[in-house]
Amino acid sequence: MSGRKAARDSLGERLGHQYLKVDEAAAYLGLSRRWMYRESGRYGLPRYYFGGKLRFKVADLDHWEKQQKVS
């Protein structure tokens, strides 16, 4: 298992939540917080707002990441 995948799996297990905050989701994907706010919608990453706060579903992050594969 790669280091990044192990760290990501560890983060998901440690948090134990279905939805991640922006900083957590950015770390999970290895992207910047700024990218998550500005570009995630543009690139088709599903986003959720709860009480005006942006959240990302772990399953959506995993699915979106798999779709980004370049052949």
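The values are calculated or read from the model by the stated rules, or taken from the named source; none is laboratory data. Owing to the predicted nature of the structure, the values given are computational and were not obtained by experimental measurement. Cβ atoms come from the backbone with ideal geometry, glycine included; neighbour counts cover every protein chain shown. Quick note on the areas: whole protein, heavy atoms, side chains included, nothing else; ligands and nucleic acids left out. Shrake-Rupley method; radii C 1.70, N 1.55, O 1.52, S 1.80 Å.
Taking amide hydrogens as placed 1.01 Å from N in the peptide plane, the amide H of LEU20 sits under 5 Å from those of PHE56, LYS57, VAL58, each at least 5 positions away in sequence or on another chain. Residues ASP62, ASP23, sorted by accessible area with the largest first, give ASP23, ASP62 [1.4 Å probe; ligands and nucleic acids excluded].
For the range 12-71, the Kirkwood hydrodynamic radius comes to 11.7 Å, computed from all pairs of different C-alpha atoms.
The mean sequence separation of alpha-carbon pairs under 8 Å and at least six residues apart, normalised by the residue count of the range 14-71, gives a relative contact order of 37 percent.
For the range 13-71, applying the loop criterion from DSSP together with a ceiling of 13 other beta carbons within 10 Å to the trypsin sites (Lys or Arg not before Pro) yields ARG42, LYS69.
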